[in-house]
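The values are calculated or read from the model by the stated rules, or taken from the named source; none is laboratory data. All of these numbers come straight from a predicted model, not from anything done at the bench. Note that each Cβ is placed from the backbone with ideal geometry, even for glycine, and that neighbours are counted across all protein chains shown. The protein model used for the area step is the full one, side chains on, heavy atoms only, and it has no ligands, DNA or RNA in it. Shrake-Rupley method; radii C 1.70, N 1.55, O 1.52, S 1.80 Å.
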Amino acid sequence: DKGLASTKPNFKIPVLLKPMTIAEDSPVSLVEYCYQETRNHTASTRPCFNSDDLYSGRLWVLVDALDEIASEEAQKKVLRLVCEFIDAYPECKVAITSRDYQSVKSLPELRRFERYNLSPISHKQAELILQRIQRAKKLPAEATEEILRRLQNVHGMSLNPLLVTVFAAT
């Protein structure tokens with residue numbers, strides 16, 4: 001509980017959800033999924049947020065990889081739960097990620113969301129990002145070369161700053 005509490009009045013509580021889990025379960029509210037997910041990361045059986053956090057917008061829900069759900073019906077189920085959550089707690093932020101597939105883009109439930117695209121970057125730009133990370137984190141040059149090698153082996157995805165950063169962080 002106290003791990004996510006803060007003395008700052010505007011602290012945020014990020015919760016990362018996988019849509020595949022939501023789609024496979026019986027319909028419950030998105031709040032319940034958030035409760036379950038936060039309990040998975042603490043020793044407590046109590047959730048790491050309360051109704052005050054929900055109504056004040058301190059909970060930030062990140063729904064990652066909507067496109068990995070094969071069924072349109074299941075995608076719509078996840079989006080319905082997200083929309084119900086937004087309607088109940090309009091101060092909370094919700095971000096949904098997906099690859100730019102037509103099957104996902106055409107879902108009418110997504111029209112109410114702002115849309116952002118990650119712009120692709122060149123291999124040289126990825127190398128510059130990694131060099132900055134290497135200097136800041138004092139990583140050995142071999143680590144940067146290995147990350148670049150792994151990035152070259154990623155197929156079906158264009159390079160973008162987020163992907164490069166995730167590779168560097170892991």
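Below are the figures for this structure:
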quantity	calculated
Matching option when the condition is over 19 Å from the mean Cα position of the chain (by Cα) and at pLDDT 90 or above, among 106, 122, 98	106
Subset of region 148-168 (residues that are open to solvent by less than 70 Å² (accessible area, probe 1.4 Å) and either outside any loop (DSSP other than H, G, I, E, B) or within 12 Å of residue 125 (Cα to Cα) (or both))	148, 151, 159, 160, 161, 163, 164, 165, 167, 168
Test: residue in region 32-45 that is touching a strand residue (DSSP E or B) at 6+ places or on another chain (Cβ under 7 Å) and closer than 28 Å to residue 158 by Cα	no
Test for residue 33: is it surrounded by 14 or more Cβ atoms within 10 Å (Cβ to Cβ), of a type outside the set (D, E, K, R) and closer than 19 Å to residue 113 by Cβ	yes
Per-region count, region 114-143, residues part of a loop (DSSP other than H, G, I, E, B) and either of a type in the set (D, E, K, R) or open to solvent by 100 Å² or more (accessible area, probe 1.4 Å) (or both)	6
Region 78-113, subset under 27 Å from residue 53 (Cα atoms) and acidic (Asp, Glu), residue surrounded by the most Cβ atoms within 10 Å (Cβ to Cβ)	109
First in region 139-154 and of a type in the set (Val, Ile, Thr), second anywhere and in a helix (DSSP H, G or I) and open to solvent by less than 50 Å² (accessible area, probe 1.4 Å), Cβ under 6 Å, 6 or more apart	144/130; 144/134; 147/130; 147/168
Scope region 67-85; condition of a type in the set (A, V, I, L, M, F, W, C), assigned to a loop (DSSP other than H, G, I, E, B) and touching a residue at least 12 places away in the same chain (Cβ under 8 Å); matching residues	69
